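Just below is one structure, and these are the notes that go with it.
The values are calculated or read from the model by the stated rules, or taken from the named source; none is laboratory data. Keep in mind that this is a model prediction, so the values were computed, not measured. Here the Cβ positions follow ideal geometry from the backbone for every residue, glycine too, while neighbour counts run over all protein chains shown. Accessible surface is based on the protein model in full, side chains and every heavy atom, while ligands, DNA and RNA are left aside. Shrake-Rupley method; radii C 1.70, N 1.55, O 1.52, S 1.80 Å.
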Amino acid sequence: MRAGLIIVALMALTATGVNEVAGQNIILDAIMRRILENLRELMRTGNPETGMPVLAPYNNPDLFINASFGGLLDFDARFTPMNIVGLDTFVGRLQVDLASLRFPFEFRFDELTASGFYDANGRLWGLIPVFGIGDFTVRPRNVLATGFATITDNGQGFLMLSDFSISLQMDALDSNIQGLLLGGDLSVLLNAVLQDIVPSILRNFPDGMTNLLNALVVPIANRFLATRTMEDLMGLLFP
């Protein structure tokens, strides 16, 4: 019932035009803030009925990624597992363009912690081999994630993520990756190098992280949305 009322309110705001009703932006901002807080709780609990997993903390028993950052850092890696703590600690803002269902967002995290076991191969500056296998813990600090998501009808009455973009930046990185370059002093040295260059790579070559996150997020989101209507989605966000 509550989800239906939210949909009716959004439809009414759409019909009147975003800039034509006094106080409309205030109403939209209040709805978006409520969605964010409900999403935070949903990340912590998941929703077994809809198949939405717990995302805070995040656990993926087998994750493969391929990333390229302007030729400065290119690598393939498999994580078994990948654990991330702190995704629910975001402070940010979610907006909406009702005409297109485009949702611009901005999220800030004081600190995230990723840990697990990895097996990776790659190159620095296209020349220096980078490889390793072992346990790892990395802590990006003062992380800023900005972007947008556009939700549309998939042509069968359900939803799809038709357009998605995200840019990630961080002020600093603490890195403890065991087994780099066979371990020992070389591993310590390469950890120090990564701590220095990763924040600047994200600033100067944002497309690398954008492409990586798009490849991870869009298929997962569309598998979930492919059997959901807008009312279903609002029912999750406004239980």
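Quick notes on this structure:
- Out of LEU189, LEU161, sole residue that is hydrophobic (A, V, I, L, M, F, W, C) and either within 24 Å of PRO129 (Cα to Cα) or outside any strand (DSSP E or B) (or both): LEU189
- Where PHE224 falls short, out of the listed (1) at pLDDT below 85; (2) in a helix (DSSP H, G or I): (1)
- Selection from region 202-217 of residues that are aliphatic (A, V, I, L, M) and crowded, with 17+ Cβ neighbours inside 10 Å: LEU202, MET209, LEU212, LEU213
- Residues in region 48-60 that are of a type outside the set (Ser, Thr, Tyr), surrounded by 14 or more Cβ atoms within 10 Å (Cβ to Cβ) and touching a residue at least 24 places away in the same chain (Cβ under 8 Å): 5 in all.
- Residue within region 177-191 that is under 20 Å from ILE220 (Cβ atoms) and not hydroxyl-bearing (Ser, Thr, Tyr) present: no
- Options ARG203, ARG123; residue that is more than 26 Å from VAL96 (Cβ to Cβ), part of a helix (DSSP H, G or I) and among the charged types (D, E, K, R): ARG203
- Residues of region 83-104 that turn out to be touching a Lys or Arg at 6+ places or on another chain (Cβ under 7 Å), assigned to a strand (DSSP E or B) and crowded, with 16+ Cβ neighbours inside 10 Å, as a count: 0
- Residues (open to solvent by 50 Å² or more (accessible area, probe 1.4 Å) and either hydroxyl-bearing (Ser, Thr, Tyr) or part of a loop (DSSP other than H, G, I, E, B) (or both)) located in region 61-71: PRO61, ASP62, SER68, GLY70
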